[in-house]
Amino acid sequence: MLLNQYRIQPVSSTGTKLHLTRIAPTPSGFLHLGNILSFAITYALAKKHQAKILLRIDDLDQNRIKAPYVEDMFDTLAFMGFTWHYGPKNIEDYHASFSQIHRMPLYQKALDHLTAKSAVYACQCSRKDIAQASPDGRYPGTCREKAIDLHKNRVNWRLKTHDTPICMRLESGRVISELPALMEDFIIRKKDTAPAYQLASVVDDIHFGVDLIVRGNDLVNSSWAQLFLAGLLPENTFSKSTFYHHPLIMEDREHKLSKSAGSTSIHGLRKIGKTKAEIYQQLGAFMGFDTSISSLQEFERAYNQKGLP
Ligand SMILES: [Zn+2]
């Protein structure tokens, strides 16, 4: 076990337990305005709730992770004025201790736990099979009763979900819902045997003790899925987390900003001479702040003054 393999339990100088939140970039592209907005909102809410901040780098999808993006991530975070309390301080530290690769035994332990509970089945459907059987994108349960060998090559592992009320804590109170239809029997291990995002994310959050989860509106379904999954795991502290889902900067009405949208990468903006202050001004304008802002600290202040979200 590496040094980072512990639950972080931040306390204030007077000994009260503090919240822990995290930013979780994936270095599979240059960080863009949408990422920076999400981080800035996370920092504003961390300030509001006196939470400490963890940098978690989501790098399980090793084929998509590239060294220049890792470099860009550290560089852009520094340029935009982000610092954090826990997690890798630099690229060497990330590789040596904080890559998700080091936490593979934890993901495996969770998968073992779920398979021992018979909560998992193998699915050999392709995306095309699913799209043909189910135009709305929801998994039609094709393989649920097929008892396909879990260790067969090229199968996804799906969680056997069922209708049960799930509780999500928001700042404004609790919301109870069933799992969204699109998340029924969601995938927890991929065909290449790597843990799926939903599993790795929730295992990491439980492991580190994250209890303030800030993410974009596009991940609301994931939050419900992760709450369902957390309910099946031992030492589940995740269900007590407070969730915030924030608005996204959109490319157009239907598409959120993507990593391929080079024009909005911070790297690209800097190349054409944009300063940090100008980038924060742009984010402030998107948020509809009354005053012009030019730094992370001013973003945090303006966000919290506005009483968002
Ligand atoms: Zn299937």
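The values are calculated or read from the model by the stated rules, or taken from the named source; none is laboratory data. Keep in mind it's a predicted model, so treat the numbers as computed, not measured. Note that we place each Cβ from the backbone using ideal geometry, even for glycine, and neighbour counts take in every protein chain shown. Note: areas computed on protein heavy atoms with side chains; ligands, DNA, RNA excluded. Shrake-Rupley method; radii C 1.70, N 1.55, O 1.52, S 1.80 Å.
Pairs linking a residue in region 27-49 that is part of a loop (DSSP other than H, G, I, E, B) to a residue that is among the aromatic types (Phe, Trp, Tyr) and modelled with pLDDT of 95 or more, with Cβ atoms under 9 Å and 6 or more positions apart or on different chains, are Pro27/Tyr69; Ser28/Tyr69; Gly29/Tyr69; Phe30/Tyr69; Leu31/Phe39; Leu31/Tyr69.
Among residues of region 156-179 that are surrounded by 15 or more Cβ atoms within 10 Å (Cβ to Cβ), those with a beta-carbon under 9 Å from a residue that is assigned to a loop (DSSP other than H, G, I, E, B) and among the basic types (Lys, Arg) at least six positions away or on a different chain give the pairs Asn156/Lys190; Asn156/Lys191; Trp157/Lys190; Arg158/Arg144; Lys160/Arg144. Of all residues in region 145-159, those that are more than 9 Å from the ligand (Cβ to nearest atom) and part of a loop (DSSP other than H, G, I, E, B) total 8. Consider Phe238 against the criteria (1) over 20 Å from Phe30 (Cα atoms); (2) at pLDDT 95 or above; (3) over 17 Å from the mean Cα position of the chain (by Cα): it satisfies all of them except one. Which criterion is unmet? Just one mismatch for Phe238, condition (3).
Residues in region 116-130 that are out of contact with any Pro (no Cβ under 8 Å at 6 or more places or on another chain), surrounded by 11 or more Cβ atoms within 10 Å (Cβ to Cβ) and in a helix (DSSP H, G or I): Asp129 only.
Scanning region 119-130 for residues that are more than 9 Å from the ligand (Cβ to nearest atom) and in contact (Cβ under 8 Å) with a residue 24 or more places away in the chain gives Ala119, Val120.
Listed here are the residues, each with its yes/no results for (1) within 16 Å of the ligand (Cβ to nearest atom); (2) touching a Lys or Arg at 6+ places or on another chain (Cβ under 8 Å); (3) open to solvent by less than 60 Å² (accessible area, probe 1.4 Å).
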{"residue": "Leu106", "(1), (2), (3)": "no, no, yes"}
{"residue": "Leu114", "(1), (2), (3)": "no, no, yes"}
{"residue": "Gln132", "(1), (2), (3)": "yes, no, no"}
{"residue": "Cys143", "(1), (2), (3)": "yes, yes, yes"}
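Residue count for region 85-101 satisfying the condition of being crowded, with 17+ Cβ neighbours inside 10 Å and in a helix (DSSP H, G or I): 3. Among the residues making up region 277-309, a single one is aliphatic (A, V, I, L, M) and in contact with a His (Cβ under 9 Å, 6 or more places away or on another chain): Leu308. Taking the residues in region 285-302 that are assigned to a helix (DSSP H, G or I) and at pLDDT 95 or above as candidates, determine which candidate is nearest to Lys47 (Cα to Cα). Checked region 285-302; the qualifying residue nearest to Lys47 (Cα to Cα) is Glu300.
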